[in-house]
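The values are calculated or read from the model by the stated rules, or taken from the named source; none is laboratory data. Since this is a predicted model, take the numbers as computed values, not measurements. Cβ coordinates were reconstructed from backbone atoms using ideal geometry, including for glycine residues, and neighbour counts include every protein chain displayed. Calculation scope for accessible area: heavy atoms of the full protein, side chains included, ligands and nucleic acids excluded. Shrake-Rupley method; radii C 1.70, N 1.55, O 1.52, S 1.80 Å.
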Amino acid sequence: MRYIIALLGCMSFFATAASLPDVPHFYVKGTGKITVVPDTAQVSFSIVTRSKDLVEAKKEADTLSAAVIKIAKDYKLDAKDISASELYIQRETQYDNITRKQVFIGHKVTRSVQLYLKDLSRYSYLVQSLVNAGITEMQGVKLMASNIDELTKKASLLAIADAKEAAKELAKGFEVNLGQLYRASAEAIRGEAAYSSSAMMSMKRDSAPANIVNGAFEPGSIDVVQSIYAVYLID
């Protein structure tokens, strides 16, 4: 969808002369999008244990951590596909309405873990295995493409082509000659709206939230989106 035509330089309202020229010009935005099916899932969850005995709480956390690592290995995850934080220990208290004091209730031991699963058909099974092992705090799943760098480069080239096309379209519509490129940037010029040949949202997920029930998870697709802002002079 196209929106907001760039202002001609002779009618300039721009405050930043260094960013936009004080001569007739077009300010355009190009957008490139590649839609792909994700092939990797980042499964994030927390190992959480509580006990009034700190040693016991840590032991339970270590035991559960070992169980998680075993599950990861059972699902053929490499060591580089397992990311875990250091243990975080927190002393918990609860306010007593009778004594009007904070009362010690125990120690909370937490460790954040991310597993990178490259076989999405096994996602539901993996999550169920984690729940069976005792994981109670799941932060969710982030779907990704393993070749994101390559896709980003391709989307950038599409964005550049889109910006060129938008500038040519404006020049044709206003019956003027398009001049040389004055400036190009991945960042928009603050306060100024560029003419665009498309409007898209970055990294959109089309599928519903993941569900651990077998057969209910659908990875859907993701959009890799890149934008470029360009200023062309008018001859």
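So which aspartates and glutamates can Lys76 reach, going by Cα to Cα under 19 Å and dropping same-chain residues fewer than 8 places off?
Partners within reach: Asp39, Asp119.
Roughly speaking, what is the centre-to-centre gap between the stretch 18-89 and the stretch 97-135 when only Cα atoms are used, to the nearest Å?
Taking the Cα centre of the stretch 97-135 as reference, the centre of the stretch 18-89 is 14 Å away.
Among 94-103, 148-157, 111-120, how do they line up by average Cβ neighbours within 10 Å per residue, starting with the highest?
111-120, 148-157, 94-103
Cut-off under 23 Å on the C-alpha distance; same-chain residues fewer than 8 positions from Lys101 excluded. Which lysines are left, in chain and number order?
In chain and number order, the partners are Lys52.
Which lysines, if any, have their Cα less than 21 Å from the Cα of Lys80, not counting same-chain residues under 8 positions apart?
Lys70, Lys118, Lys142
At 0.36 nm per residue, minus the direct Cα-Cα distance, what do Thr152 and Glu175 gain on full extension? Give it in nm, one decimal, please.
Residue separation times 0.36 nm, minus the Cα-Cα distance, leaves 4.8 nm.
Between rounded, prolate and oblate, where does the stretch 59-139 land on the alpha carbon gyration tensor, with a ≥ b ≥ c its root eigenvalues, rounded for a/c under 1.5, else prolate if a/b exceeds b/c?
In terms of gyration-tensor shape, prolate.
How would Arg190, Arg91, Arg122 line up by accessible area, probe 1.4 Å, largest first?
Listed by decreasing accessible area, they come as Arg190, Arg91, Arg122.
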